[in-house]
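Here's the structure, in structure tokens; my notes come after.
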Amino acid sequence: MSEKFDGPKGSDESGDEEPALKLRLPPIEINPNDNQLQYSYGLWYSKRSVGKLSDRRYAENLKLIGRFGSVEQFWGIYSHLVRPSDLHPSSDFHLFKNGIKPMWEDLANRQGGKWAVKLRKGLVDRCWENLVLAMLGEQFMVGEEICGAVVSIRFQEDKICVWNKTSSDVATTARIRDTLRRVLHLPADVLMDYKPHTERLKYGIIKSQSEGVVKPTY
Ligand code: MGP
């Protein structure tokens, strides 16, 4: 079940000058009797290491656990997986559309951004499952805009993020925020933070100005 992608190379097939971050994986075979999802997905695991990471180092930390394109394949993976809260602190699960690597540098993510919700301990498993099911069930209703979702286990609190393609598309990001709030059943006092990846790509580590509290951007 464990596959490793071949990592960033010098140039990609499209002739783009930037380091190639394309995944080269065979198509996912789906049993004709299965309930096919609108998109196929890859589920990744990473354990965070200290300090600022280059795209190559960050890519090396990402392990592809499995891929699926149907409801049955999803449950086949998900039901054997540890719950996020059982992961070591500093670990992440990343669920991204097939072909998109869970990195700012991936061409699909570069112009995008992410909504982040910080969660007090005890909430993450239910929230992650609700988010995953909403994503697979196309509840965000923003077409191709969703790139993926991340759950991050940390020492003090946990975090859930939704990544989308176009950070400048305010209507789309607002719709994602509202859907996220609804599917996670977030109390009104839980704040959400949106960050475009371009900030991170330019400056590397950007710390939220309000440590411990996510600042509302909308
Ligand atoms: P993080 O886990 O996304 O952030 O990234 P954290 O600290 O949980 O919270 P945030 O408020 O900073 O969002 C932690 C560190 O991992 C970053 O500072 C980078 O060094 C590295 N990193 C994370 N991501 C998602 C990427 C990525 O896409 N590309 C690269 N090169 N490094 C990344």
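Quick notes
- Full extension of the chain between ARG175 and GLN139 gives 11.9 nm of extra length, using 0.36 nm per residue less the Cα-Cα distance.
- Protein accessible area in the stretch 36-209, 1.4 Å probe - carbon and sulfur %: 53
- Between the C-alpha center of the stretch 112-156 and that of the stretch 47-107 there is a gap of 13 Å.
- Loop trypsin sites (Lys or Arg not before Pro), the stretch 100-183, which have at most 12 other Cβ atoms in a 10 Å radius of their Cβ (DSSP): LYS121
- Simple spin-label estimate for LEU191 and LYS121 in nanometres, 7 Å along Cα-Cβ: 2.3
- Filtered chymotrypsin sites (Phe, Trp or Tyr not before Pro), the stretch 85-186: DSSP coil and at most 13 other beta carbons within 10 Å: PHE155
- R0 of 35 Å, Cβ-Cβ distance ARG182-ILE30: FRET efficiency to nearest 0.05: 0.75
- Residue pairs exceeding 22 angstrom between C-alpha atoms, taken from LYS63/LYS118; LYS97/LYS159; LYS114/LYS159: LYS63/LYS118.
- Solvent-accessible heavy-atom area per residue, rounded to whole Å², over the stretch 36-209 at 1.4 Å: 46
- The stretch 36-209 shape via C-alpha gyration tensor axes, a/c threshold 1.5: rounded
- For the pair LEU53 and VAL82, a Förster radius of 22 Å applied to the C-beta separation gives a FRET efficiency near 0.35, rounded to the nearest 0.05.
The values are calculated or read from the model by the stated rules, or taken from the named source; none is laboratory data. Please read all numbers here as calculations on a predicted model, not as lab measurements. Every residue, glycine as well, gets a Cβ built from its backbone with ideal geometry; the counts of neighbours run over all protein chains shown. The area values use the complete protein model at the heavy-atom level, side chains included, leaving out ligands, DNA and RNA. Shrake-Rupley method; radii C 1.70, N 1.55, O 1.52, S 1.80 Å.
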